[in-house]
């Protein structure tokens with residue numbers, strides 16, 4: 001069962017990694033709110049996720065390599081990366097961190113992270129149920 005779900009597991013892993021990185025970048029932005037010349041970072045992983053999924057709508061579907069075999073296709077988007085916003089300056093000292101925007105981003109990312117973790121927990125619960133033959 002787990003091998004058939006490899007694509008979904010890869011997707012969830014990617015989302016958790018990207019959200020974790022974005023939370024660290026947002027915390028760094030907040031920590032440097034008063035640093036002259038500091039430029040805020042972002043992790044725009046949703047666009048990469050969308051591009052990877054649009055590349056092939058069958059990316060998460062298993063492929064048949066033999067009449068009796070189904071193998072998962074790997075979900076392999078680019079690694080989430082930090083993009084520095086050098087195009088704006090919020091203040092005269094060159095810093096472009098808006099603390100309210102960063103706090104809102106932190107709250108949004110915390111909710112998204114919790115939603116992805118809930119999906120991971122559901123998947124683990126389903127596997128436990130299968131392992132224990134539906135009994136606790």
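The values are calculated or read from the model by the stated rules, or taken from the named source; none is laboratory data. All values derive from a computational prediction rather than experimental measurement. Because the Cβ atoms are built from the backbone with ideal geometry, glycine has one as well, and the counts that use them run over all protein chains shown.
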inquiry  = Give all pairs with beta carbons closer than 8 Å in which a residue from region 108-127 that is more than 20 Å from residue 25 (Cα to Cα) meets a residue that is at pLDDT below 95 and surrounded by fewer than 13 Cβ atoms within 10 Å (Cβ to Cβ); count only pairs at least 6 apart in sequence or on separate chains.
reply    = 127/1; 127/2
inquiry  = Return the residues of region 80-136 that are more than 22 Å from the chain's Cα centre (by Cα) and modelled with pLDDT of 90 or more; say none if nothing qualifies.
reply    = 86, 93, 94, 95, 96, 97, 98, 99, 100
task = Return a yes/no flag: does region 94-105 have any residue that is touching a strand residue (DSSP E or B) at 6+ places or on another chain (Cβ under 6 Å), part of a loop (DSSP other than H, G, I, E, B), under 25 Å from residue 31 (Cβ atoms) and in contact (Cβ under 8 Å) with a residue 40 or more places away in the chain.
result = no
Residues within region 1-39 that are loosely packed, with under 14 Cβ neighbours inside 10 Å, in contact with a helix residue (DSSP H, G or I) (Cβ under 8 Å, 6 or more places away or on another chain) and modelled with pLDDT under 90, tallied = 2
